[in-house]
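Here's the structure, in structure tokens; my notes come after.
Read the figures in this text as sums done on the coordinates, not as results from a lab. In this text the structure is predicted, and so the values were computed from the model without any measurement. No Cβ is skipped: glycine too gets one built from the backbone with ideal geometry, and neighbour counts run over all protein chains shown.
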Amino acid sequence: YRTIHPVKYLQDHLAQDVRPDGRQFLSFRPVSVNISSITHADSSAIFKIGNTTIVCGIKQELAAPKAETPDCGYVVPNIELPPLCSPKFRPGPPSDHAQVLVKLIENILRNSAAVDLKDLCICKGKLVWVLYCDLICINYDGSIIDACI
């Protein structure tokens with residue numbers, strides 16, 4: 001029913017004021033966070049929204065700043081959507097979906113000022129911190145952007 005008539009499936013749930021997973025429309029998915037989960041990373045967390053689960057590991061290193069921003073460090077996100085997280089994904093190089101997510105998260109981090117990139121500067125024009133943020137999806141069940149951010 002969900003696969004053959006997806007619009008009707010969603011309309012039926014909408015008419016009953018309930019989401020397909022059984023929650024009311026105004027109820028949130030449960031959220032949990034476990035920090036410092038990976039001992040080999042400089043920082044890490046396991047973040048879960050509903051059934052969507054993301055493992056995040058952050059490594060840091062020193063580097064020369066970008067020419068256009070000599071007083072700012074930078075964050076380099078990377079997202080993996082392996083086949084084990086959902087039947088939607090196949091083995092091989094990163095999917096288009098993963099690449100779009102990386103660009104979206106990069107833009108959100110840059111434009112939201114959630115991380116002040118000037119705080120990552122050690123010596124203007126010479127040395128900055130680079131944060132490599134590896135995000136691996138363990139279970140893909142919606143809200144992937146929220147879980148990654």
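What to note about this one:
- Distant-in-sequence amide contacts of residue 139, defined by a placed amide H-H separation under 5 Å and a gap of 5 or more residues or a different chain, comprise 53.
- Loop-located trypsin sites (Lys or Arg not before Pro) across the stretch 77-149 with a Cβ neighbour count of 16 or fewer within 10 Å are 88, 124, 126, with loop assigned by DSSP.
- Over all orientations, the stretch 1-86 has a Cα convex hull whose mean projected area works out to 9.9 square nanometres.
- In order along the stretch 37-42, phi translates into HN-Hα couplings of 7, 10, 6, 8, 9, 5 Hz, rounded to whole numbers, per the Karplus curve 6.51 cos²θ - 1.76 cosθ + 1.60 with θ = phi - 60° and x for Gly and Pro.
- Taking all Cα pairs closer than 8 Å and separated by 6 or more residues, the relative contact order of the chain comes to 29 percent.
- For the stretch 10-149, the Cβ-based charge dipole about the Cα centre amounts to some 120 debye (Lys, Arg positive; Asp, Glu negative; other atoms uncharged).
- Sparsely packed loop sites in the stretch 16-119 (the chymotrypsin sites (Phe, Trp or Tyr not before Pro) outside DSSP H, G, I, E and B with at most 13 other Cβ atoms within 10 Å) comprise 25, 28.
- Between the listed residues 148, 137, 74, the Cα displaced farthest toward the positive end of the dipole of the stretch 53-149, a dipole computed from Cβ unit charges relative to the Cα centre, is found at 74.
- For the pair the stretch 3-54 / the stretch 56-125, the C-alpha centres are spaced 23 Å from each other.
- Cα-Cα over 27 Å, subset of 66/103; 59/126; 8/48; 59/124; 59/118: 8/48
- Against the chain, whose longest principal axis comes from its Cα atoms, helix 96-112 is set at around 60 degrees.
- Backbone HN-Hα couplings from phi across the stretch 124-136 [Karplus 6.51/-1.76/1.60, Hz, Gly and Pro as x]: 3, x, 10, 8, 9, 8, 10, 9, 8, 10, 9, 10, 10
- Only one of [x] -0.98, -1.33; [y] -0.80, -1.42; [z] -0.90, -1.52 was calculated from the structure for log10 I(q)/I(0) by the Debye sum over Cα atoms at q = 0.16, 0.21 Å⁻¹, and its label is [x].
- The angle between the Cα long axis of helix 6-15 and the main principal axis of the chain comes to about 80°, on a 0 to 90 degree scale.
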